[in-house]
Amino acid sequence: MLVSVGREIRRLFPRQAPRTYVVTSPNVRRYWGQTLEKSLHRASVRYSILEMQDGEPAKRLATVEHLAEQLVREHADRSSAVLAFGGGVVGDSAGFLAAMYMRGIPVIQVPTTVVAQLDASIGGKTGVNLQSGKNLVGAFHQPRAVFVDPEILSTLEYREFRSGLFEALKCGVIRDGQLFEMMEKAAGQILQRDQKLISRMITASIRVKAEVVSADEKETGLRRILNFGHTVGHALESATLYSAFLHGEAVAWGMIAACHIAEAVGACKPNTAQRIRTAVLGYGPLPPVSCRAQEVFERLWSDKKVVRGKLHFVLPRSIGRVKIVADVPQDVIRLAVERICVHE
Ligand SMILES: NC(=O)c1ccc[n+]([C@@H]2O[C@H](COP(=O)([O-])OP(=O)(O)OC[C@H]3O[C@@H](n4cnc5c(N)ncnc54)[C@H](O)[C@@H]3O)[C@@H](O)[C@H]2O)c1
Ligand SMILES: [Zn+2]
């Protein structure tokens, strides 16, 4: 698939392929840069490569400004395009660059991590972090195309790879019972990176995200179901200063906590909640939650998705169906958080 990106770009722009500015990181370039370059070269797509670091600290305005200056130096104009080639950090930053540069030029996403393939590259959200918080500056800018090649995941570090799988499992719980069942049964093979199953998992997850997002592009209603596991997940990430968990691991604990809540308020049957918890733990082990429950509990209310002081939880009803609940009693939330913390 990566080998055919050049040809696909030609198909996308039949009159003339745009001059293409590939934004990537040294790490991704080292593994896969040659394959992409060959493909662009063979299709006679004119391109330049711009590098940025990846990892969360690189996702900031200074990086985008630096890249924009490079675009000017390289004479990029309104007929040029950006190709984001990397994980979510590269995808979000390069997408934002494309949204801003000369008030917007096309972006093509070629995601290289599980998170980027089934989540970050889909839906058009782009942006960077501020000192005061994650993703606080951004724009909606839909990609002209997203090219997903699961084989690229073969070089991903194991923990990074595994962490992304929790977002796929989330897609199953919220909207695709078949995906959930497949992941529930085949955890061993998926963790060993069985190509066929991974392709199926990614395709199904992308479908869930794409359907939800196209029904609600600007996140006013349905899109909120994608936050299943993220309310407690974000609180865990911030309570541990983003150092104890990868995002997907925090979401995994968040899904477990949401199942405790769902069970307590009767949103789903106890065996449904148990089934989801077991499936999540099947993709473990998860780093233990060693912060204080009270700390996590307090952080819940500083999430940017708190609406007028009300905390919303996405709770499972059955496998493949969720509902959003705004009035979960505080003691139920506290108990659910305490149950995932090791010290209390
Ligand atoms: N826009 C959205 O809707 C959306 C959705 C989910 C996440 N995100 C964002 O995505 C970011 C996280 O993305 P991420 O998890 O991909 O992190 P990342 O981009 O930092 O990549 C993680 C690590 O994997 C390495 N890597 C990437 N591809 C590789 C490959 N094929 N082989 C070997 N190593 C590779 C990178 O060098 C990096 O060290 C966060 O900033 C998050 O906010 C955005
Ligand atoms: Zn997420």
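Computed from the coordinates by the stated procedures, all read-outs in this text should not be read as laboratory data. Remember, predicted model here, so these are calculated numbers, not experimental data. FYI the Cβ positions are ideal-geometry reconstructions off the backbone, even for glycines, and counts take in every protein chain you see.
Worth pointing out:
- GNM top mover of Cys259, Cys291, Cys268 - the chain, alpha-carbon springs below 10 Å: Cys291
- Which of Trp301, Trp253 has the fewest Cβ neighbours within 10 Å, and the rest in rising order: Trp301, Trp253
- Degrees, to the nearest 10: 270-281 long Cα axis against longest axis of the chain: 40
- When the square roots of the Cα gyration tensor eigenvalues are ordered a ≥ b ≥ c, the ratio a/c for the range 262-302 is 1.5 or more and a/b does not exceed b/c, which makes its shape oblate.
- Net length available on complete extension from Leu281 to Asp331 is 15.5 nm, with 0.36 nm assigned per residue and the Cα-Cα distance removed.
- Protection-proxy order for peptides 83-94, 158-169, each taking the mean of Cβ atoms within 10 Å per residue, highest first: 83-94, 158-169
- Packing-based ranking, highest mean first, of 49-60, 172-183 given that Cβ atoms within 10 Å are counted: 172-183, 49-60
- Over 23 Å between alpha carbons, listed pairs Lys196/Lys269; Lys170/Lys196; Lys125/Lys209: Lys196/Lys269
- Ascending count of other beta-carbon atoms within 10 Å, so fewest first, for Asp327, Asp303: Asp327, Asp303
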